[in-house]
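This report refers to the structure that appears directly beneath it.
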Amino acid sequence: MQEHVSDRLVGTLVDNRYAVQSKLARGGMSTVYLATDLRLERDVALKVLHPHLAGDETFLGRLGREAKSAARLSHSHVVGVLDQGTDGQTAYLVMEYIKGHTLRDVIKSKGALPPRLALALIDPVVEGLGAAHAAGMIHRDIKPENVLIADDGRIKVGDFGLARAVTTSTSTGALLGTVAYLSPELVLGKQADARSDVYSVGIMLYEMLTGQQPFTGEVPIQVAYQHVNGTVGPPSALVPGLASEIDELVQWCTANDPENRPVDGVALLQELRHIRTNLTDRELDLQPPAALEAGAQNPTEVIARTNNPTTVMSPLAPPERQPRFQPASSGDHATSVIPAAPLPQPSAAGGPYPDTTPAPLTKRARRKADKEAERARSRAAATPLKTLREGNPRRRGALWMVILIIAALLATGAGWFFGMGPGSPGTIPAVANKTVAQAQQLLSDAGFQSSTRDVFHDDVPSGLVVGTEPEAGTEIRKYQPVALFVSKGPQLFELPKLTGMTLDEAKSELNRAEMALGTITEKFDEGAAAGLILAQDPAPGSLARHGTPVALTVSKGPQPIPVPSVVGMEEDDAVDAIEAAGLKADVAKEEVNDRKVPKGSVAAQSPSSGTLTRGGTVTLTISDGPRLVEVPSFVGKQAAEARRELEKLGFEVRVNNILGGFFGTVRDQDPVDEEVPEGSVITLTVV
């Protein structure tokens with residue numbers, strides 16, 4: 001639903017291209033607007049960064065790189081990044097506009113979902129993440145608010161890259177993400193990978209199945225603590241009867257150790273679809289208990305970072321010493337900033353943290369645990385409880401000397417390892433636009449081991465290096481891996497067939513394919529109605545980059561032909577003239593009398609003027625000449641009467657007066673008492 005609130009940007013034009021229509025939402029980092037891309041004539045989501053971020057050049061540079069990386073990811077279940085830039089003091093991202101709602105809205109309205117619906121909703125999310133992971137991208141902020149569900153049913157994951165841009169630009173060492181879905185390694189400030197996204201998906205699936213999040217607390221630090229030290233329980237504890245395969249899937253995704261989770265979204269998708277296929281209809285359609293409603297949604301909160309890493313913000317402290325938690329606005333990025341520092345340990349007397357009892361083990365895990373317990377009991381039975389001989393002081397002194405020497409050697413080795421060896425810090429060199437061999441040599445000379453990943457790139461030629469992860473200039477330990485992103489060239493997409501569509505339909509299809517509208521040429525066409533697409537360039541099926549302009553040839557319909565005038569022409573000549581113009585002559589069966597048009601000539605035509613399209617019909621009416629009229633005799637009658645009657649009959653009267661025509665009487669008439677053509681001249685001799 002659009003938020004109709006007065007805003008300085010509404011009604012303005014950003015970067016001379018994006019017409020801002022209305023405000024959609026406001027979040028912790030940006031405000032989202034509905035805008036129209038005037039160049040491509042389509043609606044987009046315009047994400048305008050808040051001023052404190054827009055003024056940070058370091059952040060803008062990283063955001064630009066992350067936006068380019070996200071824009072190269074083209075997948076049906078990932079919201080596309082279309083553009084990024086600045087306009088004066090306005091820094092913005094342009095994203096695909098998805099009209100609909102979020103997964104959060106579904107959970108709020110429905111609470112716990114049946115397994116069939118929950119697995120169907122999570123499937124496209126995992127598929128989109130799998131495509132991103134395969135392209136070397138990590139989301140880092142998976143949550144129901146970032147899962148968009150269009151009105152037509154399409155499901156897409158949004159906000160790729162923005163969370164990372166903010167995370168890596170902060171100088172406090174804080175992490176960005178919604179605390180309810182953060183993986184343990186992110187809470188502890190460790191490097192994230194695809195398995196961190198998998199953890200968030202597992203938490204989200206748990207919430208969809210049960211209507212509530214697995215970890216809750218009065219303050220976010222309590223939730224963060226449970227992510228690190230707790231274990232996500234099986235959803236079936238809240239939804240009795242839930243299939244054990246679903247329990248295992250959720251707990252596999254949310255394993256505390258990343259090594260025990262699916263390696264990425266692709267691996268998770270395979271298992272997810274295997275489970276969906278093998279569950280019975282009864283298991284899939286299991287209805288959760290009516291009492292399960294949508295759990296309380298933790299608001300976005302900011303937790304201040306302490307200067308002393310050993311100082312923790314204990315929720316047991318007196319109220320006046322508690323840190324203040326300020327909720328941020330929900331919207332495009334409902335997030336929490338939590339410190340990447342050691343978390344508080346529970347006191348012996350207990351604390352306010354919720355129960356974190358480990359979840360029930362699978363059969364295979366139980367068997368493994370039983371074997372480990374049996375081995376431990378065997379070792380314990382074989383170990384004496386009391387030594388049989390007292391040690392002497394000299395021997396103990398020698399032992400301590402050995403321990404000190406070993407400790408010194410270890411300290412020396414650690415100093416070498418972290419000072420000059422593989423654990424020493426190093427700065428990643430710039431390798432962009434170099435060959436793979438050159439880049440690997442530069443990294444090797446700097447002491448780093450590297451691996452390669454192929455990615456699409458619009459600007460870097462195929463075979464050259466796009467960049468590294470971590471990026472050039474970053475200081476890391478030399479034993480840490482460095483990924484080289486190698487360009488596969490621009491990603492090409494098949495152009496749709498536009499011929500036969502109307503111009504409006506072709507524009508819509510180009511928008512869906514994310515191509516640009518090129519020049520439009522109009523031409524007459526006898527076989528296509530006006531407004532239909534006759535041809536396109538490049539041709540249908542051609543491979544092109546997103547944004548490639550496509551030139552269209554549009555029909556103006558059949559060419560109009562002026563109707564020639566053939567009235568008065570002989571019939572054959574008239575027919576030839578009409579057919580020569582590309583029209584068809586149709587001669588009427590009935591002829592008409594016409595005293596002005598000779599017999600056999602065209603007396604009338606329809607239409608008589610204007611235009612017709614090729615093959616149009618012109619109807620010709622042929623003259624039968626003037627009609628014959630019998631001339632009555634007016635001899636002996638007055639000349640005036642004779643003239644009047646003869647003119648009524650259509651004759652022309654000529655009077656010849658003798659002796660001045662004193663009496664006005666007709667003495668003679670020529671012709672008289674015979675049929676003559678209408679309009680003939682009748683001569684009267686008057687005395």
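FYI, it's all coordinate maths here, none of it is from the lab. What you are looking at is a predicted structure, and each value in this text was computed from that prediction instead of being measured. Note: ideal-geometry Cβ built from the backbone for every residue, glycine included; neighbour counts use all protein chains shown.
Some notes on this structure:
- Cβ-Cβ FRET estimate between residue 519 and residue 543, R0 fixed at 25 Å, reported to 0.05: 0.75
- Pair residue 278, residue 678: separation of 7 Å Cα→Cβ label points (nm): 10.1
- Among 501, 208, 401, 515, sorting on how many other beta-carbon atoms sit within 10 Å of each Cβ, with the fewest leading, yields 401, 501, 515, 208.
- Here the label points at residue 15 and residue 635, each 7 Å from Cα along the C-beta direction, are separated by 10.7 nm in the simple model.
- Förster radius 51 Å - calculated FRET efficiency between residue 410 and residue 488, Cβ distance, rounded to 0.05: 0.65
- Value of Rg to Rh for the range 425-487, rounded to two decimals, is 0.95; Kirkwood radius and Rg both from alpha-carbon coordinates.
- Alpha-carbon centroids, the range 592-662 and the range 95-119: separation in whole Å: 87
- Distance violations [Cα-Cα > 20 Å] among 68/190; 110/143; 68/99; 99/497; 68/488; 596/637: 68/190; 68/99; 99/497; 596/637
- With neighbour counts taken as other beta-carbon atoms within 10 Å, the residues 280, 468, 548, 210 rank, fewest first, as 280, 548, 468, 210.
- The modelled label-to-label distance for the pair residue 7/residue 645, using points 7 Å beyond Cα in the direction of Cβ, is 9.7 nm.
- Under 17 Å of direct C-alpha separation, and excluding same-chain neighbours fewer than eight residues apart, residue 478 reaches these aspartates and glutamates: 445, 469.
- Ordering 216-225, 7-16 by mean Cβ neighbour count within 10 Å, with the highest value first, yields 216-225, 7-16.
- Beta bridges per DSSP with both ends in the range 493-555, % antiparallel, nearest 5: 55
- Ordered by the count of other Cβ atoms within 10 Å of each Cβ, fewest first, 252, 400 give 400, 252.
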